[in-house]
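The values are calculated or read from the model by the stated rules, or taken from the named source; none is laboratory data. Model, not experiment: these values are computed from the prediction. Don't worry about glycine lacking a Cβ; one is built from the backbone with ideal geometry, like all the others, and counts go over all protein chains shown.
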Amino acid sequence: MYDTSDIRKNLKVKIDGDPYIVVEFQFVKPGKGQAFTRTRFKNMITGAVIDKTYKSGEKLEPADLEEASLQFQYRDADGMFHFMNAQSYDQIELNEDKVGDAASFLIENMQVTALFFEGRVVGINLPTFVEIEVIEAEPGVKGDTATGATKQVTLSTGATVQVPLFINQGEWIRIDTRTGQYVERIKK
């Protein structure tokens with residue numbers, strides 16, 4: 001069991017039989033009375049967000065989540081994502097709601113970590129950095145601006161990101177999957 005002092009961002013707990021993840025929290029110590037923690041949770045199955053307040057010393061039940069390594073195979077014409085379990089070779093099919101924001105940076109044969117709750121996938125975690133090819137970029141004009149100028153490019157996965165002006169079509173870039181931002185240009 002977790003105590004209210006254990007509450008932190010990304011903590012996974014079980015509330016009313018469903019897994020929730022802590023999105024944000026605030027510890028409050030009023031001048032008079034007992035301290036408490038305001039917490040915002042996101043349901044890992046439905047995506048619904050709830051707010052709860054816990055008095056100091058209350059207990060929270062940990063979510064019983066299992067992790068498994070999956071390999072992304074392909075995305076079919078119906079928009080379903082197909083994965084293979086690296087240990088059991090089982091095929092797993094997920095819709096875009098289950099994949100979430102990870103869909104923007106999924107590349108074929110990429111290894112991802114899936115979170116399972118009672119046998120069903122509730123989340124996909126990508127590697128922190130991915131290397132993706134730029135398939136569409138307008139040429140940057142030299143001398144157009146001072147420093148730090150960016151332009152929008154389209155990646156091979158269909159995602160669009162802001163990059164420096166010197167990035168051209170056909171080049172490979174590294175993206176931080178947590179923020180979706182450009183990190184650096186790489187040689188392939």
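When Ile167, Ile124, Ile175 are checked against the criterion of being modelled with pLDDT of 90 or more and either within 30 Å of Pro19 (Cα to Cα) or hydrophobic (A, V, I, L, M, F, W, C) (or both), a single residue qualifies: Ile175.
Take the conditions (1) part of a strand (DSSP E or B); (2) surrounded by 14 or more Cβ atoms within 10 Å (Cβ to Cβ); Glu93 misses just one of them, which is (2).
Within the range 40-66, if we keep just the residues that are over 17 Å from the mean Cα position of the chain (by Cα) and of a type in the set (A, V, I, L, M, F, W, C), the residue that is surrounded by the most Cβ atoms within 10 Å (Cβ to Cβ) turns out to be Leu60. Of the residues in the range 7-27, not one is under 17 Å from Leu115 (Cα atoms), hydroxyl-bearing (Ser, Thr, Tyr) and without any contact (Cβ under 8 Å) to a residue 40 or more places away in the chain. Scan the range 48-89 for residues that are without any contact (Cβ under 8 Å) to a residue 24 or more places away in the chain and among the aromatic types (Phe, Trp, Tyr) and the total you get is 1. Within the range 67-84, can one find any residue that is buried (at least 16 other Cβ atoms within 10 Å of the Cβ), assigned to a loop (DSSP other than H, G, I, E, B) and touching a strand residue (DSSP E or B) at 6+ places or on another chain (Cβ under 7 Å)? Within the range 67-84, none of the residues are buried (at least 16 other Cβ atoms within 10 Å of the Cβ), assigned to a loop (DSSP other than H, G, I, E, B) and touching a strand residue (DSSP E or B) at 6+ places or on another chain (Cβ under 7 Å). Restricted to the range 109-188, the set of strands (runs of 3 or more DSSP E) holding at least 2 residues that are hydroxyl-bearing (Ser, Thr, Tyr) comprises 150-155. The criterion of being farther than 26 Å from Asp18 by Cα and in contact with a strand residue (DSSP E or B) (Cβ under 8 Å, 6 or more places away or on another chain) holds for Ala35.
Go through the residues of the range 12-34 one by one and say whether even a single one is assigned to a strand (DSSP E or B), over 20 Å from the mean Cα position of the chain (by Cα), more than 30 Å from Ile107 (Cβ to Cβ) and among the acidic types (Asp, Glu). Checked the range 12-34: no residue is assigned to a strand (DSSP E or B), over 20 Å from the mean Cα position of the chain (by Cα), more than 30 Å from Ile107 (Cβ to Cβ) and among the acidic types (Asp, Glu).
With respect to the conditions (1) surrounded by 13 or more Cβ atoms within 10 Å (Cβ to Cβ); (2) free of Cβ contacts under 8 Å to residues at least 60 places away in the same chain; (3) assigned by TED's automatic domain parsing to the domain that holds Arg120, Ala102 falls short on a single one, namely (2).
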